[in-house]
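Readers should treat all values here as calculations from the given coordinates under stated rules, not as data from a laboratory. If you're wondering where the values come from, they're calculated on a predicted model, not measured in any experiment. So basically every Cβ, Gly included, is an ideal-geometry build from the backbone, and we count neighbours across all protein chains shown.
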Amino acid sequence: MTIKNHTSILPYKEVLFQVLLHVVVFIFYSYDRRNPRIEPYQFVFFATYATAAFVINYSLLPRFLYQKKHWQFILGVVVAITVVILLEELVIERIYFPDTRGRRFLGVFFSLWAVLPVITVLSGFKFAWDAIGKQQEVESLKSTIRESELKFLKSQINPHFLFNNLNNLYSYAIEFSPKTPEIILKLSSVLRYMLYECREKFVSLSKEVEQLENFTELYEMQIEERGTVNFSAHIQYPEFQIAPLILIVFIENAFKHSQASQSDNIRIDITIQLLEDGELHFSCKNSFRPMGNTENLAKGIGLENVMKRLKLLYPKAHKLTIEDSDDQYEVYLSMQLTQQTRHELYHY
């Protein structure tokens, strides 16, 4: 694998920033109310400071400080400043001020007072620029990891649903049930939605509810005369979006929970209501008998995945409550949804 090194070529934004920064600092450095003109020697002095800052910014910072080699970085800075002071005292001042400042060395502290402010400002802004860039890279990496985790969690739902319903379809096919074609159509519709229409991060709420109803009817066929299933949805504001395959896990868990524990008197109530401000209220209740083996069902992979997705997609914008009483399992979920744009509405 080849890794390209882009450090030798500066992005144009950074070049523009550095040019503007040097112009502003030079103006402040050279401006004098008593002598508003810019003298040639000021360009020369500033050029030495800028050169030292360039060495610190593009050599010492990436090679030592960012690699946590602090002592090497400090030593490099000391050497760079020392070279600037010696060049200033032994060469430049003797050329431009041979009869005054160039005749004697005024001291280290006096020289540092002239050198350090300019170099510190130029290097400090470069350090801040790098810190902002690094923060942006971290945020981008976090976003990439987050998207990858969401895709992984979503991919685990489809096989989970498919395996369960293929087993049910196989049972109906063996019995030559007349409901087999209807089951195939419902299953095809739901799978088509899962595989092709759920690739986006968010989907139309109306379409999601439509497929939830198909999904519920698909499972309801398995109950037949053993109980009742109530599905109620009040969606008056279709412009809102929802993360796909969130609610379906709770519905599937309700059917599995009930059927695994009781052979009759099954009752499942599903209610979906959307308020005008986009707050969605979802309720799913199912009956069960405690003597059944349902402990693992309430903690299955589907439920764990949907909880993780809720934390990733709706941080501080959802509230999930699960109550387990003697004979009823209840899920309450409220979510703050987002609206679609006009373009998205037209696309749908």
*For region 12-145, just say rounded, prolate or oblate: build the C-alpha gyration tensor, square-root its eigenvalues into a ≥ b ≥ c, call rounded for a/c under 1.5, and beyond that prolate if a/b exceeds b/c, oblate if not.*
oblate
*Between residue 51 and residue 221, with labels modelled 7 Å along Cα→Cβ, what's the label distance in nm to one decimal, could you check?*
8.3 nm
*Which order do the peptides 112-123, 192-203 take when ranked by the mean count of other beta-carbon atoms within 10 Å per residue, highest first?*
112-123, 192-203
*Can you grab the distance from the C-alpha centre of region 35-58 to the C-alpha centre of region 175-231, Å, no decimals?*
73 Å
*Go through 201/316; 201/256; 207/311 and tell me which ones have a Cα-Cα distance over 25 Å in this structure.*
201/256
_How much length would be gained if the chain were fully extended between residue 214 and residue 128, taking 0.36 nm per residue of separation minus their Cα-Cα distance, in nm to one decimal?_
25.5 nm
*Summing +1 for each Lys or Arg and -1 for each Asp or Glu, what net charge is found among the other residues whose Cβ lies under 15 Å from the Cβ of residue 68?*
+2
*Added length on full extension, which subtracts the Cα-Cα distance from 0.36 nm per residue, residue 316 to residue 185*: 43.3 nm
*Take each of the peptides 306-312, 65-71, average the number of other beta-carbon atoms within 10 Å over its residues, and list them starting from the highest.*
306-312, 65-71
